[in-house]
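Here's the structure, in structure tokens; my notes come after.
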Ligand code: ATP
Ligand code: MG
């Protein structure tokens, strides 16, 4: 069986925190591949979205080009609507019987696991690989026992980076260089993404 890590997110935009989390999980849990799955409409997120789905996917592809074990999978964009991980994992398990899946999540998402759609069924099907984000110390005891046991924590160098921070920096005219891989940086600046709109 191939072991696949699923890295789901809005990736608005993808940054080096996502890439390091994926690499850390791959290395620590002996995964064969990590599949990056951009969310179409996130269920638990409110507020403004920066780039459209096609662009978010393009940035993911640019970020992972050259690493054959990292793949972009537009399954949630193709399905459309609100993206529930339960639906995605169910579909992947059906389509890819030769693979087992683990979901890679940062500590913010570890703590909101109880709110996920059909979480109990999801947690019966897959395990979670958790990484800590600075400012959000992992507290597994906040989770009900049946979920806590499904999370394996892996150590990664703390990366105090978020897409929200990157979008804010762009709005304020500040640099995001080195927070995202070079080809992503070039595309964002070339396309003028996340800049304040001029005609408002
Ligand atoms: P936003 O600020 O827009 O929510 P984000 O940086 O949190 O963006 P997401 O696309 O929401 O990125 O996150 C995708 C996944 O990556 C989530 O599981 C999240 O916890 C994880 N993640 C994001 N940034 C980091 C980071 N710096 N370190 C570890 N995990 C991260
Ligand atoms: Mg987030």
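The table below lists the values:
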| item | result |
| --- | --- |
| Between the range 109-131 and the range 158-200, the alpha-carbon center distance in angstrom | 30 Å |
| Tail beyond 28 Å, pair distance distribution of the range 2-160 (Cα, percent) | 12 percent |
| Within the range 85-155, percent of DSSP bridges classed antiparallel, to nearest 5 | 10 percent |
| Amide N proximity, the range 13-56 versus residue 96 label position 7 Å along Cα-to-Cβ, cut-off under 11 Å | 32-37 |
| Cα-projected label distance for residue 3 with residue 79, points at 7 Å along beta-carbon direction, nm | 2.5 nm |
| Estimated FRET transfer efficiency when R0 is 41 angstrom, pair residue 145-residue 165 (beta carbons, to 0.05) | 0.75 |
| Relative contact order computed over the chain (Cα-Cα under 8 Å; 6+ residues apart), in percent | 25 percent |
| Nearest 10 degrees, 0 to 90: helix 182-191 Cα axis against the chain principal axis | 50 degrees |
| Full-extension gain in nm, residue 121 to residue 197, via 0.36 nm per residue minus C-alpha separation | 23.1 nm |
| Peptides 93-101, 34-42 ordered by average Cβ neighbours within 10 Å, highest first | 34-42, 93-101 |
| Estimated inter-spin distance, residue 28 and residue 41, nm [label 7 Å along Cα→Cβ] | 3.4 nm |
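Every number here is computed from the coordinates shown, using simple stated rules; none is lab data. In this text the structure is predicted, and so the values were computed from the model without any measurement. For neighbour counting, all protein chains shown are included, and Cβ atoms are generated from backbone atoms with ideal geometry for every residue, glycine included.
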